[in-house]
1. For the Cα atoms of the chain, what angle does the longest principal axis make with the long axis of helix 107-117, in degrees from 0 to 90, nearest 10?
2. Run through every distinct alpha carbon pair of region 69-118 and return the Kirkwood hydrodynamic radius in angstroms, one decimal place.
3. Could you tell me the center-to-center distance, by alpha carbons, between region 12-72 and region 75-118 in angstrom?
4. Choose one answer from 93, 20, 65: the residue with the largest mean-square fluctuation in a GNM of the chain with alpha-carbon springs under 10 Å.
5. Taking only C-alpha pairs under 8 Å that are 6+ residues apart, what is the relative contact order of region 14-117 in percent?
6. Calculate how steeply helix 94-103 sits against the longest principal axis of the alpha-carbon atoms of the chain, using the helix alpha-carbon long axis, and give the answer as 0 to 90 degrees to the nearest 10.
7. Starting from one equal scatterer on each C-alpha and no solvent at all, send me the Debye-based log10 I(q)/I(0) for the chain at q = 0.14, 0.16, 0.20 Å⁻¹, two decimals.
8. Does anyone have the angle between helix 26-37 and the longest principal axis of the chain? Alpha-carbon axes, 0 to 90°, nearest 10?
């Protein structure tokens, strides 16, 4: 996380290119990732890289170990357990937390994770 990190990745970034290849557009990826994060329950929304095919996919992970994709590499992880945002937002305000998450996202770190794993 980075204060005022920026809502979107750099225009010609490797992450943006990977998202466009995997989802068709950044907006479609972000809608999917955000929807995963808004799912009922507690856990994490994780954007994984499939190292075999080079594709990104978003997954819901709960209870620390349920739902992890074997062999896939986490590129972006959003904690959506209440303890992650309860001091700043009410439980029903998860969408506001998700918006703040994207506003403070350090895209450089995401880029480094993606490029280190290819």
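Bear in mind that the values in this text are calculations on the coordinates, not laboratory data. Please read these numbers as outputs of a predicted model, since none were measured by experiment.
1. On a 0 to 90 degree scale, this one is about 50.
2. Values: mean 1/r = 0.0801 Å⁻¹.
After inverting the pairwise mean of 1/r, the radius is 12.5 Å.
3. Cα centroid to Cα centroid, the span is 12 Å.
4. The residue that fluctuates most here is 65.
5. Working: 131 pairs, mean separation 27.1, N = 104.
Relative contact order comes out at 26 percent.
6. 40
7. Computed log10 I(q)/I(0) values: -0.56, -0.74, -1.17.
8. The two axes meet at around 40 degrees.
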